[in-house]
1. Which residues make up the longest stretch of the chain that has no trypsin sites (Lys or Arg not before Pro) in a DSSP loop with at most 12 other Cβ atoms within 10 Å?
2. Compute the distance in nm between two label points, each set 7 Å from the Cα along the Cα-to-Cβ direction, one at Lys244 and one at Ser219.
3. Lys and Arg at +1, Asp and Glu at -1: add these up for the other residues within a Cβ distance under 15 Å of Ala172 and post the number.
4. Work out the FRET efficiency for Ser65 and Glu133 from their Cβ-Cβ distance, taking R0 = 22 Å, and round it to the nearest 0.05.
5. In a Gaussian network model over the chain where Cα atoms closer than 10 Å are linked, find which of Ser65, Ser179, Ser230 has the largest mean-square fluctuation.
6. Quick one: Kirkwood hydrodynamic radius for the stretch 168-248, alpha-carbon pairs, angstrom, one decimal?
7. Which loop-located GluC sites (Glu not before Pro) does the stretch 35-137 contain, where loop means any DSSP state but H, G, I, E or B and the Cβ has at most 14 other Cβ atoms within 10 Å?
8. Roughly speaking, to the nearest percent, how much of the stretch 167-248's 1.4 Å accessible area is carbon and sulfur?
Amino acid sequence: MSRFSNELIDRLLKARIITSLTGAGVSAESGVPTFRDPGGIWEKFRPEQLANFEAFMSDPDFVWSWYQHRRQIMREVKPNPGHRALAEMEGIFDEFNLITQNIDNLHKRAGSKNVTELHGNIERNYCIKCRKEYNEVDIHEKSVLKCECGGLIRPDVVWFGEMLPLEALRFAENCAMRSNVFFTIGTSAEVYPAAMLPMIARQSGAYVVEINTRPTSISYDVNEVLQGKSGEILDELVDVLKQKKAII
Ligand code: BV8
Ligand code: ZN
């Protein structure tokens, strides 16, 4: 008995445009802590204490060292079968858009080419005064660095209260409106405006599928819930699709 409904498989075989929104849960099986799960990042610190500009300006070394700690984790982990399955989907569908809230760079490391980063990328930094990029910093540098212009250097991630990169957000909304099938994977769907995307997709007629180990605030609003680990589910789904496509 397949865990995937006939409706989902039929729709995927007919679909031209597929979009996936991913969150921290997709990287959990790589060993990257999520935000809101037990033992997650926010369990020790509240986002307000760390992932916002005021926190950075009030204690730059503290916030900088937290990102340096996360960079070290990212360097030790590698993409999991879920990342690799999503990368494979680019070759299965005419148009496969990967919209991620994650800043861990694991989708690109898994081979995904068409990746839209809504919340930035922890591998990048820039000067808060002149916006000069500093992407080769030593991840063991404990204290915050200064630009030649004297400005502080910050991670190129979107903090709470900050605007998302407009082009990325507009593209993500456009994908949600055009998609035949929209996956929301490994996200608690609590952070806006990214959390709007599954609902925009649903209202635009997409078949919305949630892949998560637990129910979320949008589980009742999607068309299909696949409960379980994204690494296992996505791996299995790609196998089913490759078998079905080989037959037709
Ligand atoms: C904005 C980057 C406006 C940094 C992140 C009051 C004041 C200020 C703002 C607000 C406010 N009220 C609401 C807001 C808006 C706010 C917001 O949404 N807050 C929430 C908390 C209520 N949003 C913002 O501030 C955004 N900006 O609104 O600007 C504006 C307008 C005009 C002008 C100026 C400004 C900015 C939001 C981006 C914040 N940055 N990260 C960093 O990472 O350090 S957010 C952070 O949360 C990450 O990006 C993360 O990706 C994102 C979402 O979390 P999830 O990915 O969903 O992770 P989570 O742990 O929550 O869930 C994991 C899920 O996976 C769980 O469901 C779990 O069950 C599942 N799972 C676990 N293991 C697995 C699994 N699933 C499958 N398989 C597994 N193995
Ligand atoms: Zn500068």
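The values are calculated or read from the model by the stated rules, or taken from the named source; none is laboratory data. Because the structure is predicted, anything quoted here is derived from the model rather than measured. We place every Cβ from the backbone using ideal geometry, glycine too, and count neighbours over all the protein chains shown. Calculation scope for accessible area: heavy atoms of the full protein, side chains included, ligands and nucleic acids excluded. Shrake-Rupley method; radii C 1.70, N 1.55, O 1.52, S 1.80 Å.
1. With a cap of 12 other Cβ atoms within 10 Å, the longest stretch comes to 143-248.
2. If labels sit at Lys244 and Ser219, their model points lie 2.4 nm apart.
3. Details: positive: Arg170, Arg178, Arg202; negative: Glu95, Glu117, Glu167, Glu173.
Here the count lands on -1.
4. Working: r = 21 Å, r/R0 = 0.94.
In this case the efficiency is close to 0.60.
5. Between Ser65, Ser179, Ser230, it is Ser65 that shows the largest mean-square fluctuation.
6. Computed over the stretch 168-248, the radius equals 13.4 Å.
7. Glu136
8. 51
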